[in-house]
1. Using a probe of 1.4 angstrom, how much of the accessible area of the range 11-81 is carbon and sulfur, in percent?
2. Among Gly61, Gly250, Gly388, whose mean-square fluctuation peaks in a Gaussian network model of the chain (Cα, cutoff 10 Å)?
3. Each residue of the range 225-237 in turn: what ³J(HN,Hα) in whole Hz from Karplus with 6.51, -1.76, 1.60 and θ = phi - 60°, glycine and Pro shown as x?
4. Using only the alpha-carbon atoms, what does the chain span along each of its principal axes? Please give whole angstrom values in decreasing order.
5. Could you check the spin-label model distance between Thr219 and Asp358? Points 7 Å from the Cα along Cα→Cβ, value in nm.
6. Explain nothing, just compute: Karplus ³J(HN,Hα) = 6.51 cos²θ - 1.76 cosθ + 1.60, θ = phi - 60°, for every residue of the range 37-54 in order, whole Hz, x for Gly and Pro.
7. At 7 Å along Cα-to-Cβ for each site, give me the label-to-label distance between Ala375 and Phe264 in nm.
8. Work out how much length Asp287 to His404 would gain on full extension: take 0.36 nm times their residue separation and subtract the Cα-Cα distance, in nm to one decimal.
Amino acid sequence: MQLWNKGFEPDRLIEEFTVGNDRELDLRLAPYDVQGSLAHIKMLESIGMLTKEELTKLTEGLQEIAKVIDDGEFVIEEGVEDVHSQVEFMLTRRLGDIGKKIHAGRSRNDQVLVDLKLMFRHQIQLIAGTVFETFRKWQELSDKYSDVLMPGYTHLQIAMPSSMGLWFGAYAETLVDDMQMLLAAYHIANQNPLGSAAGYGSSFPLDRTMTTRLLEFPTMHYNVVAAQISRGKTERSLAMAIASLASTLGHFAMDVCLWMCGNFGFISFPDEFTTGSSIMPHKKNPDVFEILRGKCNRLQALPDEVGYLVGNLPLGYNRDLQLLKDILFPAMDTIRECFDMCTFMLGHIQVNNHIIEDSRYDYLFTVEDVNRLAAEGMPFRDAYRKIGMQVQDGTYVPTRSVHHTHEGSIGNLCNDEILRKMLVVLSEMGVKE
Ligand code: ARG
């Protein structure tokens with residue numbers, strides 16, 4: 001039975017096709033649906049649409065449903081379309097006609113919007129917390145291995161000295177930029193759409209300021225049409241933030257696969273963290289990082305998926321929007337799973353402390369030696385030529401001394417400054433370290 005039932009049953013096939021995965025996906029929205037409904041009825045009472053007793057009964061009814069959800073026993077029954085319908089049916093079953101009063105001044109269109117906004121706000125905080133763990137690990141490794149030199153590459157050719165400190169620390173700082181995107185998504189999600197109803201407001205004198213306060217939104221989408229448009233926009237910003245995070249992690253995963261390769265041998269993992277081959281007995285494969293890379297690459301398609309889905313929709317609610325849940329919900333889990341796995345693996349990473357001693361990396365030091373001569377007074381171009389000639393005629397002997405002092409260089413990583421940038425973003429997102 002549908003909320004909109006007007007005396008005929010829709011064809012079963014039509015119902016199943018249009019409901020799709022909602023009965024399962026909407027379970028995630030259930031606690032937020034109750035939270036939104038609690039704010040809505042308080043507001044309805046304040047404008048005289050419910051009596052005090054009705055408010056008390058409805059509040060108790062909703063709290064009981066909240067307990068069912070908490071206990072993990074909430075289900076969306078066969079024949080019920082979505083979480084919004086299920087909550088209303090449960091209330092009506094328990095309270096009779098009073099239950100039917102709850103929907104005055106709202107529509108499932110703003111109901112699903114408010115549920116999503118509340119859920120995204122919370123999920124973004126969870127993602128931020130998970131990402132911060134990886135950030136911390138990268139910073140810890142950067143400090144620990146700050147003195148371990150490794151080759152830096154340009155054009156994938158041996159270029160200049162780099163270090164493990166720079167490598168780990170670079171990914172930590174890059175996460176700060178990704179988190180700025182996540183912060184933007186947080187601000188976009190953190191606005192009250194309730195009261196926009198079907199997308200064009202209501203003739204009831206709704207007190208939207210009150211529901212904004214009750215739901216702890218710092219502001220609302222004032223224009224009701226803008227509130228409706230925010231379905232899709234909110235998801236797009238979150239998709240972009242997730243894709244950005246994924247691009248950083250995917251990039252790191254690629255580095256790990258390469259650095260683990262026998263031709264490089266910069267890092268390794270204990271045997272039990274690698275996988276084997278069914279035919280080549282010697283193999284220790286980096287499957288974890290390959291799967292991470294693959295998952296992160298897929299996540300980078302998210303903004304496109306959202307864009308294609310909502311790109312050319314007419315103004316106002318369209319049922320296509322329902323499919324956004326299919327795109328975003330699993331992605332929110334996958335990005336956290338990937339960061340969790342990366343943090344776990346980083347706890348076991350083994351670093352080769354002697355990379356740079358290999359003579360194939362001798363030419364890494366040419367710039368150091370040119371700079372040393374220039375610092376001693378030789379014009380830079382002459383110094384460049386002198387070392388260049390030595391390389392050319394095979395007489396170059398690297399001094400192997402590296403002395404970088406400026407901000408963000410091998411000898412001055414500025415990890416504390418980077419941490420401070422991250423903490424500012426986290427606190428704006430309401431995430432405690
Ligand atoms: N399941 C729907 C969604 O996610 C809920 C809103 C339904 N609204 C409607 N007018 N059919 O979009």
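1. On the way: 2050 of 3760 Å².
Summing carbon and sulfur atoms, their accessible area is 55 percent of the total for the range 11-81.
2. Maximum among the listed residues: Gly388.
3. So the Karplus estimates, Gly and Pro as x, are 6, 4, 4, 5, 4, 5, 6, x, 5, 4, 5, 5, 5 Hz.
4. If we take the Cα atoms of the chain, the spans are 94, 54, 39 Å.
5. The two pseudo-label positions are separated by 5.4 nm.
6. So the Karplus estimates, Gly and Pro as x, are 5, 4, 5, 4, 6, 4, 5, 4, 5, 5, 9, x, 8, 9, 7, 4, 5, 4 Hz.
7. If labels sit at Ala375 and Phe264, their model points lie 2.9 nm apart.
8. Numbers: separation 117, 0.36 × 117 = 42.12 nm, distance 3.58 nm.
That works out to 38.5 nm of additional length.
The values are calculated or read from the model by the stated rules, or taken from the named source; none is laboratory data. Given the structure is predicted, the values throughout are model-derived calculations rather than measurements. With ideal geometry, Cβ positions are generated from the backbone for all residues, glycine too; neighbour counts draw on all protein chains shown. These accessible areas exclude ligands, DNA and RNA; they are computed on the full protein's heavy atoms, side chains included. Shrake-Rupley method; radii C 1.70, N 1.55, O 1.52, S 1.80 Å.
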